[in-house]
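S.K.: Encoded as structure tokens, here's the structure I'll be asking about.
No value in this document is a laboratory result; all are computed from the given coordinates. Keep in mind the model is a prediction, meaning the values are calculated, not measured. Cβ atoms come from the backbone with ideal geometry, glycine included; neighbour counts cover every protein chain shown.
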Amino acid sequence: YVHDESETLSDIDDEEVDLYIHDEEGKHIKKILWETANREHLEEQAAKEAAAAASKKAFEAKFENCSEDILAARELAASSTEAVAKSKKVLSESCEVLRVKLDHK
């Protein structure tokens with residue numbers, strides 16, 4: 001492995017670093033500015049989360065008084081969905097590792 005100086009921060013002086021490090025007040029101000037600039041995005045995310053919660057609640061209400069077989073099938077479907085999501089994540093991470101390795105050759 002050859003150490004590349006361009007990957008270090010040694011060429012950045014302390015004064016420049018201080019410009020990027022915020023105290024608590026600076027963090028709070030930056031948070032407010034970001035939230036103001038991205039208000040529409042935050043509202044859309046909140047609406048999506050509320051819709052998902054309402055959908056889940058309605059779905060669960062459908063099955064409140066159902067049989068054990070239906071409950072078992074529902075649990076199997078949920079665990080299958082979770083397994084597929086986990087598998088996709090592992091595949092995605094593996095592809096990313098492979099891409100990085102190929103980029104470094």
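S.K.: For segment 31-78, which positions are in contact with a helix residue (DSSP H, G or I) (Cβ under 7 Å, 6 or more places away or on another chain), within 30 Å of ILE21 (Cβ to Cβ) and not in a helix (DSSP H, G or I)?
M.R.: Quick first cut of segment 31-78, residues in contact with a helix residue (DSSP H, G or I) (Cβ under 7 Å, 6 or more places away or on another chain) only: 35, 42, 63.
Now drop any that are not within 30 Å of ILE21 (Cβ to Cβ), which leaves 35, 42.
None; the set is empty.
S.K.: Criterion first (in a helix (DSSP H, G or I), out of contact with any Leu (no Cβ under 6 Å at 6 or more places or on another chain) and not β-branched (Val, Ile, Thr)) does GLU96 satisfy it? I'd like the intermediate steps shown before the answer.
M.R.: Working: in a helix (DSSP H, G or I): yes; out of contact with any Leu (no Cβ under 6 Å at 6 or more places or on another chain): yes; not β-branched (Val, Ile, Thr): yes.
Considered against the rule, which asks whether it is in a helix (DSSP H, G or I), out of contact with any Leu (no Cβ under 6 Å at 6 or more places or on another chain) and not β-branched (Val, Ile, Thr), GLU96 comes out as yes.
S.K.: Could I ask something else about it? So, in segment 20-67, of the ones that are over 18 Å from ALA78 (Cα atoms) and hydroxyl-bearing (Ser, Thr, Tyr), which residue ends up surrounded by the most Cβ atoms within 10 Å (Cβ to Cβ)?
M.R.: Per the stated criteria, the residue is THR36.
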